[in-house]
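Structure first, then comments.
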Amino acid sequence: MFLTSVILVLQEILEAALLLSMLLLVTRLIESGNKGLIANRTWIWSALACGVLLAWSYALYMPVIAEWFDYVGQEVTNAACQLLTIVLLLVFIYGIKNQVELPGSAHTLVASFCLIVVVALAIMREGSEIVLYLRGIMGQPEAVSPVLLGAALATGIGVSCGILLYYLLIALKRHIALRVALVLLAFFAGNMASQAVLLLTQADWAPYTSQVWDSSALLPEYSVAGQLLYALVGYEATPSLLQLAAYVGAFLMIAASPVFRSAWFRQDLV
């Protein structure tokens, strides 16, 4: 139970921790004397508080939500959250140039709103799974201690990975760190699109397509390395053709943004 708890909780924690690290890094790198909400990072605490509240509420009402849309409510709701995350991430990325050029303006407030909702939704999705898992274990007294210990260890590992990645990148030259952060955000958007397609396919809201490859023998998705790659680049051992198309499409939408092209091709950070 201990090892299972570590793997399951780490799977949920990593994605949210690494996403928060990347958003913190990008907002720090694009600052140029901006004294708005982005610069003082008050959005972080709002995002964390909203995320925890949403995660608890989502887990509490999961039995009701699961019955929606002819008993595919959980899949459809999670897919909708992931698609909304992509949209808000695109609004943030495409609005970065305006946010820097017009500090303290409405662009700053929109960017802050996007950051808060993106992080809150990530915590809600991942955190609700942890809450549901821990609530299920509470009915087995002999398993409570090892599961809680494993969950605490996994949380520490996940948060540490996010902190380590942030400080490793911030130590690099500014333009290199920004390039890496934006690429990772593009991978994150691709992962969200791919998982949304998978959920909608499971709910019969999207068509089934052929499997592109199967790398589970080389690197299982639920291994520690597989989960780390999933959190970083959206690793999928058995993606369908529609998932791959959605992944590439979302990645390219981030790559087409002005700040991405500036960071890679002009070396003027925005």
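Taken together, the values in this text are just the output of simple stated rules run on the coordinates, not laboratory data. As the structure is a prediction and not an experimental result, all values here were calculated from the model. Here the Cβ positions follow ideal geometry from the backbone for every residue, glycine too, while neighbour counts run over all protein chains shown.
Nearest 10 degrees is fine. How inclined is helix 106-137 to the longest principal axis of the chain, computing both from alpha carbons? With rounding to tens, the tilt is 20 degrees. From its DSSP helices (H runs of at least four residues, each -39,500 (n - 2.57)), the chain gives a residue-normalised ellipticity at 222 nm of -26000 deg cm²/dmol.
Taking amide H as placed 1.01 Å from N in the peptide plane, SER240 has its amide H under 5 Å from the amide H of VAL212, each at least 5 places away in sequence or on another chain.
In units of the compact-protein estimate 2.2 N^0.38 Å, the stretch 2-266 shows a Cα radius of gyration of 1.02. Scalar couplings 3J(HN,Hα) for the stretch 150-166, obtained by applying the Karplus form with A = 6.51, B = -1.76, C = 1.60 to θ = phi - 60°, are x, 5, 5, 5, 5, 4, x, 5, x, 5, 5, 4, x, 5, 4, 4, 4 Hz; x denotes Gly and Pro. Summarised in one figure, the compactness ratio Rg/Rh of the stretch 136-270, Cα atoms and Kirkwood Rh, is 1.07. In terms of packing, defined here as the mean over residues of other Cβ atoms within 10 angstrom, the peptides 47-53, 17-23 line up highest first as 17-23, 47-53.
The angle between the Cα long axis of helix 224-233 and the longest principal axis of the Cα atoms of the chain comes to about 40 degrees, rounded to the nearest 10.
Applied to the stretch 251-265, the Karplus parametrisation 6.51 cos²θ - 1.76 cosθ + 1.60 on θ = phi - 60° returns per-residue 3J(HN,Hα) values of 4, 5, 5, 5, 5, 7, 5, x, 5, 5, 5, 5, 5, 8, 10 Hz, with x for Gly and Pro. Across the stretch 140-189, the volume of the C-alpha convex hull divided among the residues equals 62 Å³ per residue.
3J(HN,Hα) along the stretch 171-186: 7, 7, 4, 4, 5, 5, 4, 5, 4, 5, 4, 5, 5, 5, 5, 5 Hz, from the Karplus curve 6.51 cos²θ - 1.76 cosθ + 1.60 with θ = phi - 60°, whole Hz, x for Gly and Pro.
Using only Cα atoms and rounding to the nearest 10 degrees, what angle (0 to 90) does helix 42-60 make with the longest principal axis of the chain? Once rounded, one gets 20 degrees. If you bin all the Cα-Cα distances of the stretch 88-212 at 10 Å, starting from zero, the percentages per bin are 10, 25, 32, 24, 9, 1.
Given a Förster distance of 25 angstrom, what is the FRET efficiency for GLU221 paired with ALA152, based on the Cβ-Cβ distance and rounded to 0.05? Approximately 0.60, to the nearest 0.05.
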